[in-house]
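**Q** Once you've had a glance at the structure underneath, I'll fire off some questions.
The values are calculated or read from the model by the stated rules, or taken from the named source; none is laboratory data. Just so we're clear, the structure is a prediction, and the values are computed from it rather than from any experiment. Cβ coordinates were reconstructed from backbone atoms using ideal geometry, including for glycine residues, and neighbour counts include every protein chain displayed. Ligands, DNA and RNA are excluded from the accessible area calculation, which covers all protein heavy atoms including side chains. Shrake-Rupley method; radii C 1.70, N 1.55, O 1.52, S 1.80 Å.
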2 protein chains.
Amino acid sequence: MTTKMAIGAKDIFRNQHRLIRFIEQSIRLCSNQSLKAAQQQQQQQQQLNKTQLDADFSISKSLNSEHWNAVPEPVEHDPDVGQQFYGNQLMVRLASPQQLQPKPDRDEDLIFGKQFTDHMLKIYYHKSLGGWQRPEITPLENLVMHPAAKVLHYAVELFEGMKAYRGVDGKIRIFRPNMNMNRMNLAAKRSGLPTFEGKEFIKCLSRLISIDSEWVPHTQAASLYIRPTLIGIDPTLGVASSDSALLYAILSPVGSYFKSDSTGAVSLLADPSYTRAWPGGVGNRKMGSNYAPTINVQKKADAKGLQQVLWLYGENHDLTEVEKELITPPLNGLILPGITRDSILALARQWGQFKVTEGTFNMPRVCELLNQGRLLELFGTGTACLVSPINRIHYMNQDLYIPTMEQEKPVHETIRTALTDIQYGKVAHPWAVVIE
Amino acid sequence: MTTKMAIGAKDIFRNQHRLIRFIEQSIRLCSNQSLKAAQQQQQQQQQLNKTQLDADFSISKSLNSEHWNAVPEPVEHDPDVGQQFYGNQLMVRLASPQQLQPKPDRDEDLIFGKQFTDHMLKIYYHKSLGGWQRPEITPLENLVMHPAAKVLHYAVELFEGMKAYRGVDGKIRIFRPNMNMNRMNLAAKRSGLPTFEGKEFIKCLSRLISIDSEWVPHTQAASLYIRPTLIGIDPTLGVASSDSALLYAILSPVGSYFKSDSTGAVSLLADPSYTRAWPGGVGNRKMGSNYAPTINVQKKADAKGLQQVLWLYGENHDLTEVEKELITPPLNGLILPGITRDSILALARQWGQFKVTEGTFNMPRVCELLNQGRLLELFGTGTACLVSPINRIHYMNQDLYIPTMEQEKPVHETIRTALTDIQYGKVAHPWAVVIE
């Protein structure tokens, strides 16, 4: 059998401060016995796909940009959401010269989410005042809220993670912002918070990035992390929809993703006694409530010298199972519909170098394939880390060593290069939206 | 078979604004065929237990107060938590006469958690300053926090629900406060928040209640709801333990629990497509993250004219199963270890009038017993509602009518009376702690 395989873990990493999420693991698998046959087949296929591969790196010309920017599940507002806000209503109150903060000296030393830029974006929602209020850019300042505000009691809160990249041409780009806006609105619905027009928010956000543009690092080793946040601020203790809300965004210059060993790979704790998400829950929404319960488990990983948590689900310790080369868990409600995940799948399908599958897998199968020497690469993805190779999983009191870093031409490197080429403007692509 | 049965639902109601939680359903079941035999047996047992029953209502004399106030799982502080706070360090800054709010005219009109008293309690924690800071009572005022505060992004937050009752003797009492403090500290550990000495917090809280004592309603139809809250306020976007936190309490006069029909009973939506808690999760901790995901499901119940959600778990739509008279789901990690629940179990075991069991049950069994006419009562319990009888469950597109309100001497009334007698000081009991 010349099966080439890849698996992806049904899990989320919870170490948001370096990564935010890590929803898609992909393992490249290959039968040792049939490695040569597989390589031959692959070469043939590469030959066949040459024309197509050539086209991949000039995607913006060859592809319909409608297709690339297709946005799933458009938002339907509740009929009583009231008035929307618009980018052209934006009010700007700039920081005084004394309020301006010094920018970091060395982008490489940046700690995730510790330093913020000079300004923020705020949009209030008050049902009693008709709906969304005028958007406003202000100096970065403390929020003032009633001690009964719903966000402080019932986790009526959700967020997104995005980045602005300074391209090789000096232009600043953000990546597939419509996807973030759609996901944010889906989470708002699930949390009893008001929905909004994503494209209008992006207009306001672009203005904010433009005002603080000097904070976008001048290196490809760093970027400007964008944190759109929506919180319920009704000052009442009822567990109910919030009639007042605040949508805001803060910006933080960040260095390269999270701590790894000298090879650039991370190690994982896979402990089936903890569960992050389950059917009928909200594991597929970027809601604050998915994160608090993970903090203590991360502490346990830290104590074992492991960097991240690999979340398992169910009696079979499920990841995903398939006989294909690149595989990632399906969007079955347990994992976040990742934007990096979606982008990698779209690119890989375009490339046609290996079969791409969204399917189920479990930890016993990982062990089996490892023992057979058929597991080649495992990596996680996310906005903060982009692609993060994994070299060790601690599971059932055993260390499983994954040969991710030992491959000659690793798939995760190809993917990383393709994505950063788009994000930093080395190739033109409709996914990268230039901030004017 | 002269089985007498009762079941409890493995579920949590999420409508906190009237109830907070509803973790323990108890159904009193009785075989119709053997009802008379059962009644005879019960009478005999009552006779046997007479001496014991007589003692029940002078519990404080007959029982060792150590036993009644036994507190499970004492808190172990992390070694690096730093200094604790103490009640005798309390600083008080009273509201000026102009700041005082008018008290509600009619306690009956009170809406849960909408109106607050004049003062609040605040205790900051800063690891960098050595740990817990001095506790402080201040006028009720807005909180000021950084927009990156962890509570606003990752739901690093937890709370408790308690009540202060004005007794028939004019004294103000709180109910088993040690239990709330223990549960709060367990949740703090699970959330990466600092633990504290519960008894010191109760000293501070007692002073707050004493200062705002005129807000404790002068009627048995209302009480003063107490909301201790602990939030992580570190201004950094890492998903990690919070090195700064705020422990605070606000007080709100509340009327009788939640909306019911004219009989005083509530109806439930039991939809197996939504899950509230699962093994390996935090369903047994009063963390904010358990509440946000329920808001949208409650909206669906509202739309069907149902008052609450009955949360089911697993493929069997589990509640709990047993052949005993009073049964409630076990503390298996899915439900909150309720203080009202615990109190009812302790009282019922003292009474010895029926067997008391913590066991599993499921919805198909409920339907079967209903069809056989063997299900007598179903009720939920919680601090906010105390005991709430249930007369209807909407399950699998069917309405199940429960004859809870049709029993001659319903168990839930006996329980309500026993608890309110303790809470409002009609009988002396070590569970009721008088505020000096």
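**Q** Tell me the distances, shortest first, between B:PRO430 and the same position across the other copies, using label points 7 Å along Cα→Cβ, in nm to one decimal.
**A** Copy-to-copy label distances for B:PRO430: 7.3 nm.
**Q** In the range B:266-427, what percent of the accessible surface is made up of carbon and sulfur (1.4 Å probe, ligands and nucleic acids excluded)?
**A** Values: 2460 of 5430 Å².
Whole-percent figure for carbon plus sulfur exposure: 45.
**Q** While we're looking at this one, here's another question. So, with a 1.4 angstrom probe, what is the percent of accessible area on the range A:87-254 that is carbon and sulfur? Please list the in-between numbers first.
**A** Details: 2710 of 5510 Å².
Percent of accessible area from carbon and sulfur atoms in the range A:87-254: 49.
**Q** Also, I was wondering about something else. In nm, to one decimal, how far is the B:ASP421 label point from the B:ALA346 one, both placed 7 Å along Cα→Cβ?
**A** Distance between the two pseudo-spin positions: 1.6 nm.
**Q** Measuring from label point to label point, each 7 Å out along Cα→Cβ, what is the B:ASP169 to A:LEU129 span in nm?
**A** Rounded to a tenth, the inter-label distance reads 5.1 nm.
**Q** Quick check: Cα centre of the range A:269-296 to Cα centre of the range A:135-209, how many Å?
**A** Distance between centres, Cα-based: 22 Å.
**Q** Also, I was wondering about something else. With the solvent-accessible surface defined on protein heavy atoms using a 1.4 Å probe, which residues belonging to the range B:208-244 display a reduction of at least 50 Å² in accessible area in the multichain context relative to the isolated chain?
**A** Buried on complex formation: B:ARG227, B:LEU237, B:VAL239.
**Q** Using protein heavy atoms only (no ligands, DNA or RNA), what is the total accessible area buried between B and A, 1.4 Å probe, nearest 100 Å²?
**A** Details: alone 19080 and 19060 Å², together 33130 Å².
When B and A are taken together, about 5000 Å² of accessible area is lost.
**Q** Of the listed pairs A:LYS286/B:LYS304; A:LYS189/B:LYS304; B:LYS122/B:LYS150; B:LYS163/B:LYS203, which have alpha-carbon separations greater than 23 Å here? Numbers along the way, then the final one.
**A** Details: A:LYS286/B:LYS304 28 Å; A:LYS189/B:LYS304 18 Å; B:LYS122/B:LYS150 18 Å; B:LYS163/B:LYS203 15 Å.
In this structure, A:LYS286/B:LYS304 exceed 23 Å between Cα atoms.
**Q** Also, quick follow-up: Relative to the other copies, what are the label-point distances for B:ASP169, with labels 7 Å from Cα along the C-beta vector, expressed in nm at one decimal and sorted shortest first?
**A** B:ASP169 label point versus its equivalents elsewhere: 8.3 nm.
**Q** Which distance in nm do the two modelled labels at A:GLU408 and A:TYR86 give, with both placed 7 Å along the Cα-to-Cβ direction?
**A** It is 6.0 nm.
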